[in-house]
1. Look through C:V230, C:V263, C:V240 and report the one residue that is in contact with a helix residue (DSSP H, G or I) (Cβ under 7 Å, 6 or more places away or on another chain), more than 16 Å from ligand 2 (Cβ to nearest atom), within 14 Å of chain A (Cβ to nearest Cβ) and not hydroxyl-bearing (S, T, Y).
2. Sort out which residues of segment B:84-96 are at the interface with chain C (Cβ under 7 Å from one of its Cβ atoms) and modelled with pLDDT of 90 or more, and write them in order of number.
3. Any residue in segment A:102-110 that is under 15 Å from the mean Cα position of the chain (by Cα), under 18 Å from A:L293 (Cα atoms) and more than 14 Å from every other protein chain (Cβ to nearest Cβ)?
4. Kindly evaluate C:V286 against the criterion of being under 27 Å from C:G13 (Cβ atoms), buried (at least 22 other Cβ atoms within 10 Å of the Cβ) and within 11 Å of chain B (Cβ to nearest Cβ).
5. Quick check on my filter: what residues within segment C:23-50 are over 30 Å from B:L90 (Cβ atoms), without any contact (Cβ under 8 Å) to a residue 12 or more places away in the chain and either more than 10 Å from chain B (Cβ to nearest Cβ) or of a type in the set (A, V, I, L, M, F, W, C) (or both)?
6. Starting from segment A:2-23, take each residue that is more than 11 Å from every other protein chain (Cβ to nearest Cβ) and touching a residue at least 40 places away in the same chain (Cβ under 8 Å) and list its partners that are surrounded by fewer than 20 Cβ atoms within 10 Å (Cβ to Cβ) and part of a loop (DSSP other than H, G, I, E, B), counting only C-beta distances under 8 angstrom and pairs at least six apart or across chains.
7. Anything in segment C:154-170 that is away from ligand 2 (no atom under 16 Å from the Cβ), part of a helix (DSSP H, G or I) and at pLDDT 80 or above? List them, or say none.
Amino acid sequence: QEAFAWKMTNAYSPSSPFYVEGPGSPTDFCKKVAAMSDGRLTIQHFAAGELIPALEGFDAVRDGTVEMNAANAYFWAGKLPAAQYFTTVPFGLNFQGMNAWLYHGGGMELWDELYAPLGVKALPMGNTGVQMTGWFRKPIESIDDFKDLKMRIPGLAGKVYAALGVDVKLLPGGEIFPALERGVIDAAEFVGPYQDRRLGLQNAAKYYYTTGWHEPSNATELLINKVAWESLPDDLKAIVQVAAMACNLESHTWCEANNAAALKDLVENHGVQANVLPADVVARLKEVTDQILAEGAAADPATKKVHDAFMAFKAEHDQWSAISERPYHNSLAG
Amino acid sequence: MARLLLSLADGASSAVRIIGQIAAWSGLVLVLTVAFNVLARYFFSYGSVALQEAEWHLMGVGALFGMSYGLNQGAEVRVDVVYDRLPRRLQVFVEVLGNLLLFAVAVLIAWLSARYVQSSYAINEGSPDPGGLPMRYLLKAAMPVAFVLLAVQALARAAADIGRHLAPIPVAPSGEAESLI
Amino acid sequence: MPITEILALCMIGAFFVMLLAGIPVAVCLAVTGFVFGYAGFGPTLFNLVPARIFGVVTNYTLLALPLFIFMGIMLERSKIAEELLEVIGLAMGGLRGGMAMAIIFVGVLMGAASGVVGATVVTVGLIALGPIINRGYDKGVATGVICASGTLGQIIPPSLVLILLADIMGESVGTLFAAALLPGLLLSGLFIAYVLFLGIFSPQKVPAIPADERAVYSGADLAGKLVKVVLPPIFLIVLVLGSIIGGVAAPTEAASMGAFGSVALAYFSGRLTFDVLRDTVRSAFVTSAMVFFILILAQPFGLAFRGLGGERLVQDAFTFVPGGMDGQILFLMLILFVLGFFLEWIEISYIALPLFLPIFAQAGVDMAWIAILVAVNLQTSFLTPPFGWALFFLKGVAPPSIATMDIYRGVVSFIALQLIGLALVFLFPALATWLPGTIGW
Ligand code: NA
Ligand code: NA
């Protein structure tokens, strides 16, 4: 039987928990595939900077120099604006809803359709679950507190905040701490309690807001070169699909467990105040988000197609969760 | 023959020099852009994603076009522990060899990066951040252009060395007349 | 040993041979990378070279490089730096090594403003090398003190190296910044002690300004002159450091305050003509280009080393290490030091660290302490001939009278000092762990 030796690049730095190392991470995916295929498909993993810079994985997979890349699809928003829908949508779907859409609501078919002309395909391979709004040096009590607030916030959410008067600052991960600590920025968004604690953000700001309206879930993307994919026999294809699905579940459960412990530590030992954003602030954010998503859809036919499909699924799914999950969370749990 | 080689080399070097002298101003624009972004944010809470991206766009263009201009101005770094003790003829040989190797490398990278630009152009790549600078392929296109310039400059230097070696008659030093760019 | 690993060794060998023959550094890196990479894995992986180059020239954290270089050239052109060093030398009176100590002091301050080694070495080299050579300093001591002071920037926070290490080692950036402060000051102290030592035992290498020249100035004259020339550079340092501490600018942006301030300074001192500005712009461009030229053409080499599985050479060696945690830490230090002779620090970090980290983490060793040991060690690798980035960068801005050998000779004693500093942090872990623990970072 033919053996395959592939390479996978990653948009995240070596030893980043969840994104590189740990249960359900991309390196874990490579181990799982090697074990399940009894070594017939081995994938050598390269973290960001080892072979190529963080955000060059898409092009490398596209021209087949490496067979796989691990990242988030919204990093490719400059190449394919519609790609961001396959990572997260502000006020969109949580972990359950997103996976329901991807696996059974036509999401993965749309993803493949979007990527096919570029010779790549994608599979979901992980999820952080709901993220946090971010770290603020001062409490947010009303919508006016966003005026002239300097915040590190990349992507679509940055555009929403900018519409509320936030001054958006782009900063690489390593500079968030010094900038927030000295007040160059007043607020910063990163991931969730476990990852944020690792950057030491609790030493720079004490107000930790939730819930992550901008990222109600966040999918890790496994990008695969299509020619390489077609060259795999069916059993290896199945192994890749199953391993990606296993990592999707395992990474999420790992985040759930670790975020719980990290949040407890932040609140009890680091004087962090975890708060929910005021309701009127959230309402205004949602208003602007809807408007910006609609603008994006109007500007690009591919985005419109994905947007409409996503929203149609969400509308239906919301009705179901309104009588299933929501009452459970609101009145039965805790 | 030697004269032809020398005048060709001189023409190519002059072209590289003039392009470099224009590109050099990107450094001042960079200083002003970053300073403006800092001060406008601090004093007026004004920030623009496009202007923040302009910072590393300017650095990228400057770094790439700086290579050929740096070579033109003799700014390449070498270890001279042995080189300084070599006889003049051998030094010329090392010099010509170095420039021919650089020419080959620059052509190769220019060719590799042309493909890289092509795949960016094919999908009209822009910034992944809303409000960022569009047409990222233009920035990427600076790579093949800069490496072609580098190849031209490397070849010009090799030609000049060979030309001077073939015709060791004193040639008036060129390139001292600075233009006012 | 697999053929690819043999090729990796040959690549390093060929690089050294070409380097010694006098082929420019950048050309040696690119040519050996392409040739041996092609022999080992064919043409495919080279499709990644443009992505790597694009990554270098658009790397946000490298912005400090052109900005500080601009500031340095402006200071040099407007003679501000030269006067400063002169006056400090005069003010130090008969104390030998005064100008060298001033350079170390400037290195510490610039280090506290920037984390990019090339930026500090080039800037300090530009403004200080000429003046102290003119003052009769030994070329080796002069270049050594500049290279060593310039690399202080990567251990004194903020620093690119520490940010990358925090990322790789899973420590918070703040913890490592705090942990690095005392070791950074310790190294600066060792450098100053060495200069004082030279002043006593080799006075001709670090001469004080001659007494008759000093006698021209009265105490009051000197005090006036001191104020006049010290104020402008202090103003720039306050601008850069103050903008970081005052929360005006992020560390990388802060360099722009210095560059912008240097233009303002030249303007207000009436020295800003169009000719000065044009010359500054052009020479800053050439100097930045010198640094980027090496960084850009180093990309095929790094890619080939990876593609050929060069990191497995390190893994193979690791299996021979005798047991014991101290043995393994010392071996890590040795590996970093040796790799530092021919690889860039980013590649070194990626190759050596992932190999050792799981072992240390499992044994419960303080990772902040390990990170600082690694950072001091990497700092040494900037200085080790023949492939020390600091050496190349200084060579790039040094006057022709300075030979590579002068620089090699000069850095040897500073490498020894760095190793002493490393040994101290190894023997007294509290140097690294005390401050972060005390301030709760
Ligand atoms: Na520093
Ligand atoms: Na070195």
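1. Being in contact with a helix residue (DSSP H, G or I) (Cβ under 7 Å, 6 or more places away or on another chain), more than 16 Å from ligand 2 (Cβ to nearest atom), within 14 Å of chain A (Cβ to nearest Cβ) and not hydroxyl-bearing (S, T, Y) holds for just one of C:V230, C:V263, C:V240, which is C:V240.
2. B:V94, the sole residue that qualifies.
3. No, every residue in segment A:102-110 fails to be under 15 Å from the mean Cα position of the chain (by Cα), under 18 Å from A:L293 (Cα atoms) and more than 14 Å from every other protein chain (Cβ to nearest Cβ).
4. no
5. Result: C:G42, C:T44.
6. A:E2/A:R40; A:E2/A:P233; A:F4/A:R40
7. Of everything in segment C:154-170, those that are away from ligand 2 (no atom under 16 Å from the Cβ), part of a helix (DSSP H, G or I) and at pLDDT 80 or above turn out to be C:L162, C:L165.
Here's the yes/no breakdown for (1) over 25 Å from B:G70 (Cα atoms); (2) assigned to a helix (DSSP H, G or I); (3) of a type in the set (A, V, I, L, M, F, W, C); (4) out of contact with any helix residue (DSSP H, G or I) (no Cβ under 6 Å at 6 or more places or on another chain):
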residue	(1), (2), (3), (4)
C:A8	yes, yes, yes, no
C:G13	yes, yes, no, yes
C:F16	no, yes, yes, yes
C:L20	no, yes, yes, yes
C:G33	no, yes, no, no
C:G37	yes, yes, no, no
C:L45	yes, yes, yes, no
C:V49	no, yes, yes, no
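The values are calculated or read from the model by the stated rules, or taken from the named source; none is laboratory data. Everything numeric here is computed off the predicted structure, so don't read it as measured data. With ideal geometry, Cβ positions are generated from the backbone for all residues, glycine too; neighbour counts draw on all protein chains shown.
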